[in-house]
Amino acid sequence: MKKSLSVLIFSVLFIAQFSGAYAQDATEIIRKSEEAIKGKSAISEVEIIIKTRKWTRSMELKTWENRLRKKSFSEITAPEKDAGNRFLLIDQELRQYIPKLKKDIKISPSMMLQSWMGSDFTNDDIVKESSITKDYYHTLDGTQTVDGHDCYRVVLKPKKGAAVVWGKIIYYARKKDCLPVREEFYNEHDVLKKYMTCSGYKFMHDRVIPTSYKMQTVGKEDRYTVMNIKKVKFDQEIPDSVFSLQNLKRK
């Protein structure tokens, strides 16, 4: 009886220890992935291409992001009709400024899932309001080959009270360097709503990152949006004045 009880206790402790390490591994994978593609801060120039069966539209955007302080600023630089539209995120407050209307719009949390400038990316995707490192629990769910890459499969579920827009995210990261390959976004009813595939891995500034992100909305197979990173610098000092209402509304 005593022997059986000892075996049972040992088994429970072993499983608990193994499960804890397993969860920690998943969190470490996400942390490494986020640090690799974002750094502590980043200044980037990107091209966004919206492609449908009937037409193609492109925009150029410059962004400044301080991931540790949860601040970001973005400005459309082309085409001319959209140039000057700006977006400012401080903590969880997102604002958009439309220069032609001289109008400052506060975007509510309920609008974070809405399309950004008619693309397949959402407001949340562009300004990175939610943090997949801090706002979600991470569970390693085995490995899988995705687009020719050997990947970890990590399931992300939101923490209680976290200001997030997705009910679940499945994240595929390369085993060799934890860089993202694919992300799947599910609503609170566990229904897949959209997915993003990453490609164009190459050396940018001081590291290898994916430079092309393709977002596809489920049920709209005849259209997609691609974000291509043209230039990026990581871990740069960004003045606080960049993340200000004065900069958002400047003439």
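The values are calculated or read from the model by the stated rules, or taken from the named source; none is laboratory data. This is a predicted model, so every value here is computed, not measured. Here the Cβ positions follow ideal geometry from the backbone for every residue, glycine too, while neighbour counts run over all protein chains shown. Ligands, DNA and RNA are excluded from the accessible area calculation, which covers all protein heavy atoms including side chains. Shrake-Rupley method; radii C 1.70, N 1.55, O 1.52, S 1.80 Å.
For the condition charged (D, E, K, R), touching a Ser or Thr at 6+ places or on another chain (Cβ under 7 Å) and crowded, with 17+ Cβ neighbours inside 10 Å, what is the one hit in Lys202, Lys231, Lys214, Lys168?
Numbers: Lys202 fails: crowded, with 17+ Cβ neighbours inside 10 Å; Lys231 fails: crowded, with 17+ Cβ neighbours inside 10 Å; Lys168 fails: touching a Ser or Thr at 6+ places or on another chain (Cβ under 7 Å).
Only one candidate passes the filter, namely Lys214.
Does Arg207 fit the bill of being open to solvent by 20 Å² or more (accessible area, probe 1.4 Å) and closer than 16 Å to Glu35 by Cα?
yes
Checking each residue in the stretch 65-84 for being over 12 Å from Asn247 (Cα atoms), at pLDDT 90 or above and either open to solvent by 30 Å² or more (accessible area, probe 1.4 Å) or not small (Gly, Ala, Ser) (or both) picks out Glu65, Asn66, Lys71, Ile76, Thr77, Pro79, Glu80, Lys81, Asp82, Ala83.
Scanning the stretch 108-144 for residues that are over 22 Å from Met215 (Cα atoms) and either buried (at least 21 other Cβ atoms within 10 Å of the Cβ) or of a type outside the set (S, T, N, Q) (or both) returns Lys134, Tyr137, His138, Leu140, Asp141, Gly142.
For Lys51, the conditions (1) open to solvent by less than 50 Å² (accessible area, probe 1.4 Å); (2) out of contact with any Asp or Glu (no Cβ under 6 Å at 6 or more places or on another chain); (3) over 19 Å from Phe185 (Cβ atoms) all hold with the exception of (1).
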